[in-house]
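Quick note: the coordinates plus some simple rules give every number you see, no bench work behind them. All of these numbers come straight from a predicted model, not from anything done at the bench. Cβ coordinates were reconstructed from backbone atoms using ideal geometry, including for glycine residues, and neighbour counts include every protein chain displayed.
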Amino acid sequence: MKSGLIIILTFCALSIFAQGRPGSEKANEVSDKYRISTPVIAIPQMFTKSWDHRKHTQHLELHVKRNLDNQNIIGLKLVTWRLFQPMGILWWDGLLDKLDTESEFYPGHVRASGVGVSYQRMLWKGLFASVEVVPQFQTYLDLDKNKAGDGFQVYNSYHLGYHLAFGKRKRFFIEPQVHCQHWLFDNDAPEGFKALDEKWRDYFLFEPNLYFGIKF
């Protein structure tokens, strides 16, 4: 069922890229057709932890989007991050406690990087929903930073948020949001990593986030 869902989502996202909107009415025209944004949530660790700190996610993410009209926005997502424990530990599983005790930490790190597609739909005023589909290549590293294996997954996220523009021409914006994600096709993980991944879920619910961007 999940495999079918990801195929459908991928097809829908790609079909949006393929279709044009030459017949759009003037009322749907936008003055700034492009936008770039990045999540703010990963920035504080850049100033509070060293780059090689055990808990540093080394998270870098960039969104490049195009407004088809005032309601439909398509984009590319470029992302890389480093995991030190499974993503499927939910808030009510004691996520924060496990971060403190380090009881579920991998025997190393997982570096995941990929380029994917996104679709954002404006629902009412600034309220929007979006979906992102990102194939990711993974590299497993032991605690001495030696390569322990390679893997692959498809990482999907579903967002509900609000777009707030500001500045003289409303070119700058923030997008507070909450999202849920799940991932598919995890494979070839080394045993120490695999045992922890199988212990927890292949989804995460209700992650708060804040994006900052500029339109041009």
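Dipole check for region 163-216: with +1 at the C-beta of Lys and Arg, -1 at the C-beta of Asp and Glu, and the Cα centre as origin, the magnitude is about 840 Debye. The phi torsions of region 82-94, fed into the Karplus equation with coefficients 6.51, -1.76 and 1.60 and a -60° offset, translate into couplings of 10, 9, 10, 7, x, 6, x, 8, 7, 3, 7, 8, x Hz, rounded to whole numbers, with Gly and Pro shown as x. The residues neighbouring VAL64, those whose beta-carbon lies less than 10 Å from its own, together hold a net charge of +4 under the Lys/Arg +1, Asp/Glu -1 convention.
Positive-end ranking of ALA112, HIS63, GLN138 along the dipole of the chain, with charges on Cβ about the Cα centre, is headed by HIS63. The string of couplings for region 108-113 from the Karplus curve (6.51, -1.76, 1.60, θ = phi - 60°) is x, 9, 10, 8, 10, 9 Hz, one whole number per residue in order, with x for Gly and Pro. The dipole here belongs to the chain: it is taken about the Cα centre, uses +1 on the Cβ of Lys and Arg and -1 on the Cβ of Asp and Glu, and is about 1260 debye. Listed values [x] 12.5; [y] 13.4; [z] 14.6 include one computed from this model; for mean projected area of the Cα convex hull in nm² that value carries the label [y].
What size of dipole, in debye to the nearest 20, comes out for region 81-206 about its Cα centre when the only charges are +1 on Lys and Arg C-beta atoms and -1 on Asp and Glu C-beta atoms?
Charge dipole of region 81-206: 1140 debye, to the nearest 20.
Take the alpha carbon atoms of region 115-135, find their center, do the same for region 153-216, and report the distance between the two centers in whole angstrom. About 11 Å separates the Cα centre of region 115-135 from the one of region 153-216.
For the chain, averaging the sequence separation of C-alpha pairs within contact (under 8 Å, six or more residues apart) and dividing by the residue count gives a relative contact order of 20 percent. Between the residues TYR158, PHE206, PRO176, the greatest Cα displacement towards the positive end of the dipole of the chain, with unit charges on the Cβ of Lys, Arg, Asp and Glu, is found for PRO176. Electrostatic bookkeeping for ASN209 treats Lys and Arg as +1 and Asp and Glu as -1; over the other residues with beta carbon under 11 Å from its beta carbon, the sum is -3.
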